[in-house]
Amino acid sequence: MVNATKGLFISCDVPMAQFIINMNASLPASQKFIIHILDDTHMFVQPHVAEMMRSGISEFRKQNSYEKPT
């Protein structure tokens, strides 16, 4: 019998993949969202976390962007 799981396929660079993995690791076991890590730049995650990941990544980018002093 085949088991199927609905999810999102994520393709990103290695640093962003590590950020997502760390996001997942910081959550309690009942809230972990990574279904399977395929390789260094691809993973399969639960579909309900899409907006949480977008906001987390957006906040991460804001904290790590450089603005030239005027």
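The values are calculated or read from the model by the stated rules, or taken from the named source; none is laboratory data. Being a predicted model, the structure only gives us computed values, none of them experimental. Here the Cβ is made from the backbone with ideal geometry for all residues, glycine too, and neighbour counts use every protein chain on show.
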Within the chain, strands (runs of 3 or more DSSP E) holding 3 or more residues that are of a type in the set (Val, Ile, Thr):
34-39
Right, Lys62: loosely packed, with under 10 Cβ neighbours inside 10 Å, modelled with pLDDT under 90 and of a type in the set (Lys, Arg) or not?
yes
Looking at region 4-30, I want the residues that are basic (Lys, Arg) and have a partner that is part of a helix (DSSP H, G or I) with Cβ atoms under 8 Å, at least 6 apart or on another chain. Which pairs are those?
Lys6/Pro47
